[in-house]
1. What net charge is computed for the residues neighbouring A33, neighbours being all others with C-beta under 15 Å from the C-beta of A33, Lys and Arg scored +1, Asp and Glu -1?
2. May I ask you to rank T19, T46, T104, T97 by accessible area, largest first, using a 1.4 Å probe over the protein chains only?
3. Quick check: residue separation of A82 and N49 times 0.36 nm, minus the Cα distance between them. What number comes out in nm?
Amino acid sequence: MIVNLLIVLIVGSVVGTFTGLMLGGLVNTLLLAIIAGILATLIAGTVRNIRIPQLVSIYFALDTSHRVPLPVIIYSAIASLAGSAAAVQVAEKSGFTTSVAITTLAGFFAGILMAILIIVYHMNQPPTGRAGPS
């Protein structure tokens with residue numbers, strides 16, 4: 001499970017970096033960070049859903065809980081808006097002025113939020129204490 005989450009973080013950061021390299025200077029920093037965050041979320045979710053099953057079949061792993069449902073990816077894309085705005089604020093306070101640094105942070109924060117949503121989705125429900133339907 002940890003390796004799967006690291007894949008999400010690394011892919012999110014790389015996608016954010018390439019978004020900054022391609023679109024840097026064309027749009028303002030907040031819009032650039034939002035674009036990078038949403039692209040990082042969608043591509044990281046796609047890579048995780050496509051690549052991880054292939055790796056599982058290659059390495060014969062026993063854990064088959066590798067798929068992320070589409071609603072989790074959509075919720076992650078919505079949460080990446082907040083992560084992208086946070087990346088812009090962190091970059092401003094840290095003194096990062098380049099678009100690549102801002103979009104890398106946006107992709108990383110989007111990956112963190114997606115990893116948190118994946119963890120929450122796979123958590124077991126706590127027992128309610130009721131014996132049956134009421």
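The values are calculated or read from the model by the stated rules, or taken from the named source; none is laboratory data. All of these numbers come straight from a predicted model, not from anything done at the bench. Heads up, the Cβs are rebuilt from the backbone with ideal geometry, glycines too, and the neighbour counts pull from every protein chain shown. Accessible surface is based on the protein model in full, side chains and every heavy atom, while ligands, DNA and RNA are left aside. Shrake-Rupley method; radii C 1.70, N 1.55, O 1.52, S 1.80 Å.
1. Values: positive: K93; negative: E92.
With Lys, Arg at +1 and Asp, Glu at -1, the net is 0.
2. Working: T19 5, T46 70, T104 40, T97 120 Å².
Heavy-atom accessible area, descending, gives T97, T46, T104, T19.
3. Working: separation 33, 0.36 × 33 = 11.88 nm, distance 2.36 nm.
Separation in residues times 0.36 nm, less the Cα-Cα distance, equals 9.5 nm.
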